[in-house]
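Data first, discussion second: the structure below is written as structure tokens.
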Amino acid sequence: MNRPRAMPPAVGAGGDHDPGAPAPRRGLAMTLMVVSSIVISFGGLIIRNVEAADAMQVNFYRALAFTTVIVLILAVQYRRSALKQVRGVGRAGLVAGLLLAGAGLGILEALTHTTVANTLFTLSAIPFITAVLARIFLGEGIGRATLVAMSVAAVGIFVMMSEGIQMGSGYGNAMALVTALCFSSFAVIVRHNRRIDMLPTLLVSGVILGLVTLVARADDLGITLNDLLLSLLWGGVLSGFANWMFIIASRHLVAAEVTLFMLLEFALGPIWVWLFVAEVPTRWTIVGGLLVIAAVSVPALLELRQSSRRLRRGRPSPA
């Protein structure tokens, strides 16, 4: 089994980008993260349209569709060498897959035992946790601009959820923190092994989630056609696409930057529910959401603008 090679630190002290990533690729990576965050943000709308299936039933079919899509991507991309590619991620890929599965299970427990506001507010700490872990294990620093963006986004999440934040269940809040730690650790491992295609880690995650939910609901997996189609759409299209883009973007952005864009999902989710289900958000939800959108969008737009200028001038990308 191939072992991933140790990578040198991605940035210098206080750096804000991967010096090994050409600027146009950084701009593309940011675009991919924005698009994937927009896509996955429709998950809340899907939940609102589920008729009768419970969380475990939805997640079983969601995991089934997700795993199928990842298998198809691997088959198309690598053909006969797909199995070799899966083995190539080694222990790091297996651990990353376990962590991602842990995050998926953790958020389910968190949402079941504490408020949605508590859960999302805790998850908004993911970019900060990721930054700390990346600094310790990868030597990646974050620049002032990214730190400001992260802070503004965190304030936006707090404003959005402030009316619903409560003491809640200690177990639920703890599981939300476990979710954040698992996903941050997953992001750091994927980033550390960026010269290896870590797509198979998603396969590991999907299989584990599928098995756990199968065991939990093996006695009753019958759901309506509406709920089945929504579950397959969520897992196969939304989650499959978003996680694929995450793996690609992680090769060109530092770990904290990649997770920063995830906060866009929290801001856009209530907007889709408002537009399509007429569930009117509060004033503070709108204000906080706009702060998050601004915090995430401005750095991406500035990066794209700088990349475009470099291309027009014919200047070589920073190395």
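The values are calculated or read from the model by the stated rules, or taken from the named source; none is laboratory data. The structure displayed is predicted, hence computed values, not measured ones. Here Cβ is always computed from backbone atoms with ideal geometry, including for glycine, and neighbour counts include all displayed protein chains. Areas reflect the complete protein model, heavy atoms only, side chains present, ligands, DNA and RNA absent. Shrake-Rupley method; radii C 1.70, N 1.55, O 1.52, S 1.80 Å.
Looking at region 266-280, can you tell me whether even one residue there is open to solvent by 40 Å² or more (accessible area, probe 1.4 Å), outside any helix (DSSP H, G or I), farther than 24 Å from Ala300 by Cα and touching a residue at least 12 places away in the same chain (Cβ under 8 Å)?
yes
Could you tell me whether region 147-162 includes any residue that is closer than 25 Å to Ile293 by Cβ and aromatic (Phe, Trp, Tyr)?
Scanning region 147-162 turns up at least one residue that is closer than 25 Å to Ile293 by Cβ and aromatic (Phe, Trp, Tyr).
Tell me the residue from Leu100, Leu108 that is touching a residue at least 12 places away in the same chain (Cβ under 8 Å), assigned to a helix (DSSP H, G or I) and either farther than 27 Å from Trp284 by Cβ or hydroxyl-bearing (Ser, Thr, Tyr) (or both), please.
Leu100
Looking at (1) open to solvent by less than 20 Å² (accessible area, probe 1.4 Å); (2) within 13 Å of Leu263 (Cα to Cα), find the lone condition where Ala125 falls short.
The number of the failed condition is (1).
Checking the condition hydrophobic (A, V, I, L, M, F, W, C) and either out of contact with any Leu (no Cβ under 8 Å at 6 or more places or on another chain) or outside any helix (DSSP H, G or I) (or both), which residue from Ile189, Ile129, Ile157, Ile196 passes? Before you say what the answer is, go through the steps one by one.
On the way: Ile189 fails: either out of contact with any Leu (no Cβ under 8 Å at 6 or more places or on another chain) or outside any helix (DSSP H, G or I) (or both); Ile129 fails: either out of contact with any Leu (no Cβ under 8 Å at 6 or more places or on another chain) or outside any helix (DSSP H, G or I) (or both); Ile157 fails: either out of contact with any Leu (no Cβ under 8 Å at 6 or more places or on another chain) or outside any helix (DSSP H, G or I) (or both).
Unique residue meeting the criteria: Ile196.
Quick one: would you say Gly139 is on the phi > 0 side of the Ramachandran plot, in a loop (DSSP other than H, G, I, E, B) and either among the aliphatic types (A, V, I, L, M) or open to solvent by 20 Å² or more (accessible area, probe 1.4 Å) (or both)?
Against the criterion (on the phi > 0 side of the Ramachandran plot, in a loop (DSSP other than H, G, I, E, B) and either among the aliphatic types (A, V, I, L, M) or open to solvent by 20 Å² or more (accessible area, probe 1.4 Å) (or both)), Gly139 qualifies.
For Leu221, are the conditions met, namely being without any contact (Cβ under 8 Å) to a residue 40 or more places away in the chain and either aliphatic (A, V, I, L, M) or under 24 Å from Ile293 (Cβ atoms) (or both)? Spell out how you get there, then give the answer.
On the way: without any contact (Cβ under 8 Å) to a residue 40 or more places away in the chain: no; either aliphatic (A, V, I, L, M) or under 24 Å from Ile293 (Cβ atoms) (or both): yes.
No, not satisfied.
Please work out which one of (1) assigned to a helix (DSSP H, G or I); (2) of a type in the set (A, V, I, L, M); (3) open to solvent by less than 30 Å² (accessible area, probe 1.4 Å); (4) farther than 18 Å from Leu123 by Cβ is the condition Val207 fails and give its number.
All conditions pass for Val207, except number (3).
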